[in-house]
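The values are calculated or read from the model by the stated rules, or taken from the named source; none is laboratory data. As the structure is a computational prediction, the values presented were derived from the model and not from experiment. Note that we place each Cβ from the backbone using ideal geometry, even for glycine, and neighbour counts take in every protein chain shown. Heads up: the accessible areas ignore ligands, DNA and RNA and are worked out on the full protein's heavy atoms, side chains in. Shrake-Rupley method; radii C 1.70, N 1.55, O 1.52, S 1.80 Å.
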Amino acid sequence: MGEVFRIFLRLGLTSFGGPIAHLGYFRREFVERRGWLDEETFAAIIAFCSVLPGPTSSQVGMLIGLLRAGPGGAFGAWFGFTAPSAIAMTVIALALHGLEGHGGITASGWFNGLLFGLSAAAAAVVTHAVLGLARSLCTDRETKTIALGATILAIVTAGSAGLGWLPIALGAVVGALFLRERSVDAAPAFPVRVPRTVALIAATIFALVVAFLLVPQWLASPAVALLETIVRAGTLVFGGGHVVLPLLGDLVSNGLLTARDFFAGYGAVQAMPGPLFTFAAFIGAANASPLSGVLGALVATVAIFVPSFALIFALAPVWDRLRTLPRAAGALSGANASVVGLLAGVLYYPILASLGTHPGGIGIAIAAYALIAVWMFPPWVVVAVSALLGAFAGALG
């Protein structure tokens, strides 16, 4: 267990580049270098995690830790891989609030410019994510239609707290009804064996999560509304970590986080190693509810991971049967297509809307996109450059 923790801690400190890059790091470390897994086992784990909601690289890491060292290894893998960026995002949130409360720094040009640069970087990163996801998840007329419908719905419901889940749910229903002939890609038999008792406990936890999400938001206190939004995001993130953006955007709609802080945190997390889900640590620390600061960061980080982790342990024993069901496969295809549209809708509003017609912000966003899409710079470099450009432009007035 200690060995698993140390290796994943090192990966958590050095694994830049997002989920796909993380899987490359894992393959090199655990298949090629250490021989903990063979290629077939590694591919089967990825196939399982990639079609379920949640952070794929973190889920793969947990299952590798489980195979190597049991439940303690699973926890050690998650903790080691997550802690570095979660701590860094907490520190950034606390520092941001400290600066805002110090001597009118919010009025200083360089500070506002820096935050504006981070928002421009977020626009570039999300644009790149939308186009990449569209190429891989919307491959025919049916899935493109679902994505377009989700985009329209996301724009129509923009600013309405608690509705970020609706396009995904409707996409899954449409997929189950009209994409039934599809099937999940063939993959080797799933190699992870989860005891029946563990699977039942995990299924119970997931059922409790779903029950918690049924609490009407108007009955919830600010702290409960914060947790409900974070847990919902962790439950419904299909298609990659970038989908947390629209699902967590409800916190801006209900006043728990300013749009400027939200996009500054989202821009900052692009520069972090490890999972994008540690954006939750920033939100937990920076929000305006009583559950904030260090405690809020800790609770939010755990809360966003719990639903998807419970789901993988609950479904592991029956995955080989579930993956061949046409309706289940169609629902997954529809949900994945809808997240492309959901992300496209959020790209329009509020990300691009926050930049408005400001020529400096638009220029930084275009330059940031060129660095990512044309010159293939890693996101953390693009975020740093965008923040510096924004600060420089703000200082000049």
**Prompt:** Is it the case that the range 292-315 has a residue that's open to solvent by 30 Å² or more (accessible area, probe 1.4 Å), outside any helix (DSSP H, G or I), under 24 Å from ASP250 (Cα atoms) and modelled with pLDDT of 90 or more?
**Reply:** yes
**Qualifying helices (runs of 4 or more DSSP H) (wholly inside the range 30-138; at least 2 residues being open to solvent by less than 30 Å² (accessible area, probe 1.4 Å) and over 30 Å from PRO195 (Cα atoms))** = 56-100, 109-137
**Prompt:** Can you tell which of LEU251, LEU257, LEU276, LEU247 is modelled with pLDDT under 85, on the phi < 0 side of the Ramachandran plot and out of contact with any Cys (no Cβ under 6 Å at 6 or more places or on another chain)?
**Reply:** LEU247
**Request:** Filter the range 1-29 down to residues that are small (Gly, Ala, Ser) and open to solvent by less than 30 Å² (accessible area, probe 1.4 Å) and give me whichever is modelled with the lowest pLDDT.
**Result:** GLY18
**Complete:** Flagged pairs (Cβ under 7 angstrom, 6 or more apart or on separate chains; first in the range 349-370, among the aliphatic types (A, V, I, L, M); second open to solvent by 30 Å² or more (accessible area, probe 1.4 Å) and modelled with pLDDT under 90) are LEU355/ILE362
**Prompt:** Is it the case that some residue within the range 123-143 is under 21 Å from GLY267 (Cβ atoms) and over 17 Å from the mean Cα position of the chain (by Cα)?
**Reply:** no
**Asked** Are there any pairs, at least 6 apart or on different chains, whose C-beta atoms fall under 7 Å, with the first in the range 33-58 and under 18 Å from THR235 (Cα atoms) and the second among the small types (Gly, Ala, Ser) and open to solvent by 30 Å² or more (accessible area, probe 1.4 Å), and if so, which?
**Response** THR56/SER50
**Asked** Any idea which of (1) open to solvent by 30 Å² or more (accessible area, probe 1.4 Å); (2) more than 24 Å from the chain's Cα centre (by Cα) is the one TYR349 doesn't satisfy?
**Response** (2)
**Request:** Within the range 117-155, track down each residue that is without any contact (Cβ under 8 Å) to a residue 12 or more places away in the chain and over 29 Å from TRP380 (Cβ atoms).
**Result:** THR139, ASP140, ARG141, THR145
**Message:** Residues that are modelled with pLDDT of 90 or more and assigned to a loop (DSSP other than H, G, I, E, B): does the range 143-155 have at least one?
**Reply:** no
**Asked** Could you count how many residues in the range 325-344 are out of contact with any Pro (no Cβ under 7 Å at 6 or more places or on another chain) and closer than 19 Å to ILE155 by Cα?
**Response** 7
**Asked** For residues in the range 211-231 being of a type in the set (A, V, I, L, M, F, W, C) and modelled with pLDDT under 85, which is most open to solvent (accessible area, probe 1.4 Å)?
**Response** TRP218
**Fill in**
Filtering the range 183-210 for residues that are polar (S, T, N, Q) and either modelled with pLDDT of 90 or more or open to solvent by less than 80 Å² (accessible area, probe 1.4 Å) (or both) leaves a count of 2
**Message:** When you check PHE282 against the structure, is it modelled with pLDDT of 95 or more and in contact with a helix residue (DSSP H, G or I) (Cβ under 7 Å, 6 or more places away or on another chain), yes or no?
**Reply:** yes
**Asked** Given (1) closer than 22 Å to GLY76 by Cβ; (2) in contact with a Gly (Cβ under 9 Å, 6 or more places away or on another chain), where does ALA310 come up short, assuming only one miss?
**Response** (2)
